[in-house]
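Participant: What follows is a structure written as structure tokens; I'll ask about it next.
The values are calculated or read from the model by the stated rules, or taken from the named source; none is laboratory data. This one's a predicted model, so the numbers in the text were calculated from it and none came from an experiment. Reconstructed Cβ throughout: ideal geometry from the backbone, glycine too, with neighbour counts over all protein chains shown.
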Amino acid sequence: MLDNGFIPDVPPQVTAEVAAAVESNGAIAAGVRDLRDLPWSSIDNDSSRDLDQAEVAEQLPDGTVRVRIAIADVDATVPKGSATDQFAAANSTSVYTGIVTYPMLPDRLSTDLTSLGQNDDRASVVIEFVVASDGSIASHDVYMARVSNHAKLSYNNVGAWLDGGAILPASASPAIQDQLHLQDRVAQILRAVRARNGALDLETIEAESVVHPDNSVDIELVQKTRASRLIEDFMIAANVAMARFLDEHNSPTIRRIVRSPERWNRIVALAAKLGSTLPEQPDSLALSAFLIARCNADPDHFADLSLAVVKLIGPGEYAAHQPGETDIGHFGLATNDYTHSTAPNRRFADLVTQRLLKAALAGKPSPYTRDELVAIAAHCTEREDAARKVERQVRKSAAAVSMSHRVGDSFDAIVTGVNPNGTFVRLIHPPVEGRVLSGGANLDVGDKVRVRLLSTDPRRGFIDFSAEDSNGRARGVA
């Protein structure tokens, strides 16, 4: 954390400030809606306590569905310019190493006072959108409300339940179970519309470091479920609604953007290898159609293709946006209106968006100048990149520990990166990454290759391979 410019320990002035913080459960303020009786529920990781959002849906008489997403009102407890705010701004993101979590906000806030915990009465921002039967958004609105989360649920449990293979906890009342079925149906409609518009449905493999009770270390896959896709679909729709609402109120925003891929030619080449043709210029709709076709044709290897495409498109970034400016857009989501607003406990950009919203609702000027938003966007992007480095380093060290007894073994792998520092691969199984020390010439992102494990260095997180030919010999050796 220190090597990557983070402040891992909470400063004393922040500790004192947080100790004195309170979250009012008193009377509903003027202009704030009381929505505590609605059957709200949250779906997150099994171990999560920093609950940023809860959801509820309502079938309307005309056949449309009103979806409400409640977002924790972090700004109410973390004022702009406070010591806690400055600490959050410096780190800009929570860092999840799999071994230790370094929250952007101290635990008393992120897992208690500003968390939408089960049965807690909490201040929130509600993003509301009405979904028509064809998946279009008939209307949207954003407002302040008090809510109560009636059921804290998990991705794995809800996903298995939706698939017919699990029982929900007692907190999931019949009303909430009806909710989940309705939410799942609407989420699938929203996803289908995004796909038709050119949004990319990629199946990336995520891995996390796991330390077992006996201190053994493993790298385990994070499996996507029907429930995690539901939340992903709702959060995308909510973030688009927030961006458009702020635009309508002539407010600046911090956009979340993904630029057109600089290495589009390599994506075109990968498609050509698989017998498909993509246009010469970046085209998300054509790429989406290609990916859907490949997923249907070869589902077993779709995650490998997805990984290559993700690496070639490149990471997202934050960008300040002023009313009337041309929007760079989000290539992966095929939209020009996208912000981050649904995770203010763990992303500083979302907290800034919350403050911009409150100013817009009150008819007040932006609490941030244009230059401040430009600087915040750049800093949040840089900190996000740094967080990935920390998480990747810990995961690599854990992987080096778990692979130390397999030196000399050979594995199937996919090339994930080629740069001046070398050629990098990810094994198909187990899902660990490392560098190719020999035989990597002429390899490029997306290539499949057989590699032999040469050595591991857990302290530095190094896993080194040599690339082999089909006969098990080092590539390039006659």
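Participant: Which of (1) free of Cβ contacts under 8 Å to residues at least 24 places away in the same chain; (2) surrounded by 17 or more Cβ atoms within 10 Å (Cβ to Cβ); (3) in contact with a Phe, Trp or Tyr (Cβ under 9 Å, 6 or more places away or on another chain) is the odd one out, the single condition VAL240 does not satisfy?
Facilitator: (1)
Participant: Can you confirm whether ASN239 is modelled with pLDDT of 95 or more, in a helix (DSSP H, G or I) and of a type in the set (S, T, N, Q)?
Facilitator: The answer is yes for ASN239.
Participant: Checking the condition of a type in the set (Val, Ile, Thr), over 21 Å from ALA175 (Cα atoms) and surrounded by fewer than 18 Cβ atoms within 10 Å (Cβ to Cβ), which residue from VAL78, VAL95, VAL100, VAL125 passes?
Facilitator: Among VAL78, VAL95, VAL100, VAL125, only VAL100 is of a type in the set (Val, Ile, Thr), over 21 Å from ALA175 (Cα atoms) and surrounded by fewer than 18 Cβ atoms within 10 Å (Cβ to Cβ).
Participant: Does THR84 qualify as being buried (at least 20 other Cβ atoms within 10 Å of the Cβ) and not in a loop (DSSP other than H, G, I, E, B)?
Facilitator: Yes: the conditions hold for THR84.
Participant: Same structure again: Please pick out the residue among ASP444, ASP412 that is within 29 Å of the chain's Cα centre (by Cα), surrounded by fewer than 19 Cβ atoms within 10 Å (Cβ to Cβ) and without any contact (Cβ under 8 Å) to a residue 60 or more places away in the chain.
Facilitator: Within the list ASP444, ASP412, the selection yields ASP412.
Participant: Right, something else. Take ARG244 and decide whether it is touching an Asp or Glu at 6+ places or on another chain (Cβ under 8 Å) and more than 25 Å from ARG347 (Cβ to Cβ).
Facilitator: It is false that ARG244 is touching an Asp or Glu at 6+ places or on another chain (Cβ under 8 Å) and more than 25 Å from ARG347 (Cβ to Cβ).
Participant: For PHE331, which of the numbered conditions (1) touching a Pro at 6+ places or on another chain (Cβ under 8 Å); (2) under 30 Å from SER115 (Cβ atoms) fails to hold?
Facilitator: Every condition holds for PHE331 apart from (2).
Participant: Moving on to the next point. Search segment 447-474 for residues being of a type in the set (Ser, Thr, Tyr) and at pLDDT 90 or above, and hand back the single one that is surrounded by the most Cβ atoms within 10 Å (Cβ to Cβ).
Facilitator: Looking at the filtered set, the residue picked out is THR456.
Participant: Hey, among ASP37, ASP9, ASP46, which residue is more than 18 Å from ASP75 (Cα to Cα), part of a loop (DSSP other than H, G, I, E, B), modelled with pLDDT under 95 and not hydroxyl-bearing (Ser, Thr, Tyr)?
Facilitator: Sole residue among the options that is more than 18 Å from ASP75 (Cα to Cα), part of a loop (DSSP other than H, G, I, E, B), modelled with pLDDT under 95 and not hydroxyl-bearing (Ser, Thr, Tyr): ASP46.
Participant: Name the residue, out of ILE7, ILE28, that is β-branched (Val, Ile, Thr), assigned by TED's automatic domain parsing to the domain that holds THR114 and out of contact with any Cys (no Cβ under 8 Å at 6 or more places or on another chain).
Facilitator: Only one candidate qualifies: ILE28.
Table: residues versus (1) hydroxyl-bearing (Ser, Thr, Tyr); (2) in contact (Cβ under 8 Å) with a residue 40 or more places away in the chain; (3) closer than 16 Å to VAL418 by Cα.
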site	(1), (2), (3)
SER284	yes, yes, no
CYS295	no, yes, no
LYS311	no, yes, yes
GLY314	no, yes, yes
GLN322	no, yes, no
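Participant: Sticking with this structure for a sec: Before we move on, is PHE245 touching a residue at least 24 places away in the same chain (Cβ under 8 Å), of a type in the set (Phe, Trp, Tyr) and over 18 Å from ASP327 (Cβ atoms)?
Facilitator: no
Participant: Going residue by residue through segment 397-408, is there one that turns out to be without any contact (Cβ under 8 Å) to a residue 12 or more places away in the chain and either outside any helix (DSSP H, G or I) or of a type in the set (Ser, Thr, Tyr) (or both)?
Facilitator: Among the residues of segment 397-408, not one is without any contact (Cβ under 8 Å) to a residue 12 or more places away in the chain and either outside any helix (DSSP H, G or I) or of a type in the set (Ser, Thr, Tyr) (or both), which makes the answer no.
Participant: Can I ask one more? Do we find a residue being more than 29 Å from ALA199 (Cα to Cα), surrounded by fewer than 22 Cβ atoms within 10 Å (Cβ to Cβ) and in contact (Cβ under 8 Å) with a residue 60 or more places away in the chain anywhere in segment 370-378?
Facilitator: Yes, some residue in segment 370-378 is more than 29 Å from ALA199 (Cα to Cα), surrounded by fewer than 22 Cβ atoms within 10 Å (Cβ to Cβ) and in contact (Cβ under 8 Å) with a residue 60 or more places away in the chain.
Participant: Of (1) out of contact with any helix residue (DSSP H, G or I) (no Cβ under 7 Å at 6 or more places or on another chain); (2) of a type outside the set (Val, Ile, Thr); (3) modelled with pLDDT under 95; (4) loosely packed, with under 15 Cβ neighbours inside 10 Å, PRO61 satisfies all except one. Which?
Facilitator: Only one criterion in (1) out of contact with any helix residue (DSSP H, G or I) (no Cβ under 7 Å at 6 or more places or on another chain); (2) of a type outside the set (Val, Ile, Thr); (3) modelled with pLDDT under 95; (4) loosely packed, with under 15 Cβ neighbours inside 10 Å is unmet by PRO61, namely (3).
Participant: Just give me the residues in segment 416-441 being touching a residue at least 60 places away in the same chain (Cβ under 8 Å) and closer than 11 Å to ALA467 by Cβ, in sequence order.
Facilitator: Matches in segment 416-441: none.
Participant: Could you tell me which of the residues ASP337, ASP298, ASP350 is among the acidic types (Asp, Glu), at pLDDT below 95 and within 30 Å of ASP52 (Cα to Cα)?
Facilitator: Within the list ASP337, ASP298, ASP350, the selection yields ASP337.
Participant: When the residues of segment 447-473 are narrowed to those that are in contact (Cβ under 8 Å) with a residue 40 or more places away in the chain and under 10 Å from ILE414 (Cα atoms), which ends up nearest to the chain's Cα centre (by Cα)?
Facilitator: LYS448
Okay, residues lined up against (1) touching a residue at least 40 places away in the same chain (Cβ under 8 Å); (2) aliphatic (A, V, I, L, M):
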residue: ASP3; (1), (2): no, no
residue: ILE28; (1), (2): yes, yes
residue: VAL32; (1), (2): yes, yes
residue: LEU35; (1), (2): yes, yes
residue: ASP46; (1), (2): yes, no
residue: LEU51; (1), (2): yes, yes
residue: PRO61; (1), (2): no, no
residue: ALA83; (1), (2): yes, yes
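Yes or no, residue by residue, for (1) at pLDDT 95 or above; (2) surrounded by 18 or more Cβ atoms within 10 Å (Cβ to Cβ); (3) closer than 26 Å to SER148 by Cα; (4) not assigned by TED's automatic domain parsing to the domain that holds GLU433:
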residue: ASP178; (1), (2), (3), (4): yes, no, yes, yes
residue: GLN183; (1), (2), (3), (4): yes, yes, yes, yes
residue: GLU220; (1), (2), (3), (4): no, no, no, yes
residue: ALA227; (1), (2), (3), (4): yes, yes, yes, yes
